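First comes the structure, then the notes that go with it.
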Amino acid sequence: MNAFVLYLILLKATVTTFSGLASLPLVRDELVLNRHVLTDEQLNTAVVVTRTTPGPIGLYVVSVGYFAAGVPGAVAGWLAMS
């Protein structure tokens, strides 16, 4: 997946919601159901990793980006969070 498109999707998810996991349905709808870039298991893993480590709850978008596009995806997720 193109890192720029992934950035736009994750930016949309972080801008349209104001709480950490409130954007999860939007991310699942775009990346699991519509684009088939992630599986439900990978999305669940990203959320679990974020919930078990210290830091912001919405930081799961970095893990989602990594699962979707590797290191460029993680950078796109980090930029979307910034």
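Rounded, prolate or oblate, given the Cα gyration tensor of the stretch 1-57, with a/c below 1.5 counting as rounded? Note, shape of the stretch 1-57 comes out oblate. Dipole magnitude for the chain: about 120 debye, using +1 per Lys or Arg Cβ and -1 per Asp or Glu Cβ, origin at the Cα centre. Relative contact order (percent) for the chain, with alpha-carbon contacts under 8 angstrom and 6 or more residues of separation? RCO, the chain: 36 percent.
Note on the chain: helix-only mean residue ellipticity at 222 nm, from DSSP H runs of 4+ residues weighted -39500 (n - 2.57) and normalised by residue number, equals -21000 deg cm²/dmol. A DSSP coil position with no more than 15 other Cβ atoms inside 10 Å describes the following chymotrypsin sites (Phe, Trp or Tyr not before Pro) in the chain: F18.
Between M81 and L26, the simple label model (points 7 Å from Cα in the Cβ direction) yields a spacing of 1.7 nm. Sorted on the mean count of surrounding Cβ atoms within 10 Å across their residues, most packed first, peptides 51-58, 28-35, 8-15 read 8-15, 28-35, 51-58. Here the accessible area is traced with a 1.4 Å probe on the protein chains. For the chain, carbon and sulfur cover 64 percent of it. The residues of the chain expose, per residue, 57 Å² of accessible area to a 1.4 Å probe. All Cα-Cα distances of the stretch 27-82, cut into 5 Å bins from zero to the largest, leave 5, 23, 29, 29, 12, 2, 0 percent in each bin in turn.
The values are calculated or read from the model by the stated rules, or taken from the named source; none is laboratory data. Quick caveat, the model's predicted, so the values are computed rather than measured. Methodologically, a virtual Cβ is constructed for each residue, glycine included, from the backbone with ideal geometry; neighbour enumeration extends over all protein chains shown. Please note that ligands, DNA and RNA were not included when accessible areas were found on the heavy atoms of the full protein model with its side chains. Shrake-Rupley method; radii C 1.70, N 1.55, O 1.52, S 1.80 Å.
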